[in-house]
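One structure is given below, encoded as structure tokens.
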Amino acid sequence: MSITLQKHNIRILEYISQTDFDQINKLMEQCISQDQINLKLEHDYKLHLSNLAAKDETKVSGKANEFLYYYNDELVAYLGISCFDGVTGELCGMTHPMHRNKGFFHRLLSLASNECRHSNYSKLLILADGKSESGMSFLKTNGSSYAHSEYRMKRLSTIASSDVDKELTKEVFSSNEPAITTSELEIRSAVKADEKVIARQNAIYFGEEEIVEETGEYKITPLEDNPENYKTYMIDLEGISIGKINVDYSDGYAFICGFGILPEYRRRGFGRQAMLKTIHLIEAQGINTIELDVVCTNQNALGLYQSCGFEEQSVMNYYHLTV
């Protein structure tokens, strides 16, 4: 779909193409350079979804997820909708520094909001970096209410392999649990047989998930549908999967996400042990830059990541969007 007004043109898409990706990436770099902020556009993952849809027509739903605003054939504003749990729509976008306060982003948000009214999202969130003056001003003008914030954390100091090995053999004590050593934990690549376990664990860690009406079970995302550089690892204790962790790899960089330990195995040192083993696994591939996101109010997770060498880099604010 395309809307043209003289020098203005708006493209509305379900999936982005490689050309769209390159234009979005260029605009993102311009905004980051100007504002010194973080943008959580998920456009790498969206390009992957586009490639999947090109191979499998069943993945084409006809929903509008991507809204691109052009002026004189240049992409000057972008807004995308992401949904990771089947029920929450997350909106994030940007406007070129030279084209702000012209109503371009408001126009895209109006179109996206109209699309959301016809979707089955039970919750809508709009994202903005806490350091983004234009983003925070827009949210105040729009009347959005604060939901929560996330820290973007980066592992600044590299733990030497010998230090990691010491951590992996150190006993972790708790006041009411026996001492447990990390050698009992195994981090392994997930296989197809783990898909049901992963779906159940995601529901436990991250809240609502899509339910398949016919079976009453959680909707499974096939591992083969993940990008090639996106790996899921199972955290096993004596043959039982007690948690999972995802790593998104790129050149010289890794992003950790989807990390969780089952409630009955928490507060026994397994989370930190699993994180250290994952760091070791990543660094063994020659990657020393590792990042992750954590909700600011999750003090347990925040302390765990800090103890593993991660430090806060930026804050991403989430606001409720009323449509």
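The values are calculated or read from the model by the stated rules, or taken from the named source; none is laboratory data. Note that the structure is a prediction, hence the values are computed from the model and not measured. Positions of Cβ are generated from backbone atoms using ideal geometry, with glycine treated the same way; all protein chains shown enter the neighbour counts.
Name the single residue, out of those in region 1-12 being aliphatic (A, V, I, L, M) and at pLDDT 95 or above, that is surrounded by the most Cβ atoms within 10 Å (Cβ to Cβ).
ILE10
With charged (D, E, K, R), under 20 Å from TYR15 (Cβ atoms) and in a helix (DSSP H, G or I) as the only criterion, which of GLU90, GLU115 stands out? Don't jump to the end; show me each part of the working.
On the way: GLU90 fails: in a helix (DSSP H, G or I).
From the options GLU90, GLU115, the qualifying one is GLU115.
Going through region 259-284 one residue at a time, which ones are farther than 14 Å from ILE240 by Cβ and of a type in the set (A, V, I, L, M)?
MET275, LEU276, ILE279, LEU281, ILE282, ALA284 - these are the residues of region 259-284 that are farther than 14 Å from ILE240 by Cβ and of a type in the set (A, V, I, L, M).
Kindly indicate whether LEU79 is of a type outside the set (S, T, N, Q), farther than 30 Å from TYR218 by Cα, touching a helix residue (DSSP H, G or I) at 6+ places or on another chain (Cβ under 7 Å) and not assigned by TED's automatic domain parsing to the domain that holds ASN229. Let's see the steps before the verdict.
On the way: of a type outside the set (S, T, N, Q): yes; farther than 30 Å from TYR218 by Cα: no; touching a helix residue (DSSP H, G or I) at 6+ places or on another chain (Cβ under 7 Å): yes; not assigned by TED's automatic domain parsing to the domain that holds ASN229: yes.
Taking the combined requirement at face value, the residue does not satisfy it.
Which residue is farthest from ILE24 (Cα to Cα), if the candidates are limited to region 76-90 and must be of a type in the set (A, V, I, L, M, F, W, C) and out of contact with any Cys (no Cβ under 8 Å at 6 or more places or on another chain)?
Among those residues, the one meeting the criterion is VAL87.
Is region 191-200 home to any residue that is of a type outside the set (A, V, I, L, M), at pLDDT below 95, under 23 Å from PHE270 (Cβ atoms) and in a strand (DSSP E or B)?
no
Output the strands (runs of 3 or more DSSP E) that fall wholly within region 207-323 and possess 1 or more residues being in contact with a Pro (Cβ under 9 Å, 6 or more places away or on another chain) and within 24 Å of GLY86 (Cβ to Cβ), or say none.
So the answer is 240-250.
Whether any residue in region 89-110 is surrounded by 14 or more Cβ atoms within 10 Å (Cβ to Cβ) and at pLDDT below 85 is what I want to check.
No, region 89-110 contains no residue that is surrounded by 14 or more Cβ atoms within 10 Å (Cβ to Cβ) and at pLDDT below 85.
THR58 passes all but one of (1) farther than 15 Å from TYR121 by Cα; (2) assigned to a strand (DSSP E or B); which number fails?
(2)
Could you grab me the full set of residues in region 55-69 that are of a type in the set (Gly, Ala, Ser) and exposed (fewer than 12 other Cβ atoms within 10 Å of the Cβ)?
Step one: of region 55-69, the residues of a type in the set (Gly, Ala, Ser) are 61-62, 64.
The answer is SER61, GLY62.
Scan region 19-55 residue by residue and report those that are of a type in the set (D, E, K, R), assigned to a helix (DSSP H, G or I) and at pLDDT 90 or above.
ASP20, ASP22, LYS26, GLU29, ASP35, ASP44, LYS46
When you go through (1) surrounded by fewer than 20 Cβ atoms within 10 Å (Cβ to Cβ); (2) under 25 Å from TYR249 (Cβ atoms) one by one for ILE24, which number turns out not to apply?
The one condition ILE24 does not meet is (1).
Considering only residues that are buried (at least 18 other Cβ atoms within 10 Å of the Cβ) and over 22 Å from TYR70 (Cβ atoms), which ones fall in region 127-139?
LEU127, ALA128, ASP129, SER132, LEU139 - these are the residues of region 127-139 that are buried (at least 18 other Cβ atoms within 10 Å of the Cβ) and over 22 Å from TYR70 (Cβ atoms).
Write out, first by first residue and then by second, each pair whose Cβ atoms fall under 6 Å of each other, whose residues are 6+ apart or on separate chains, and whose first residue, in region 299-323, is in contact (Cβ under 8 Å) with a residue 24 or more places away in the chain while the second is in a strand (DSSP E or B) and of a type in the set (S, T, N, Q).
From residues that are in contact (Cβ under 8 Å) with a residue 24 or more places away in the chain, the pairs are VAL315/SER149; ASN317/SER149; HIS320/SER145.
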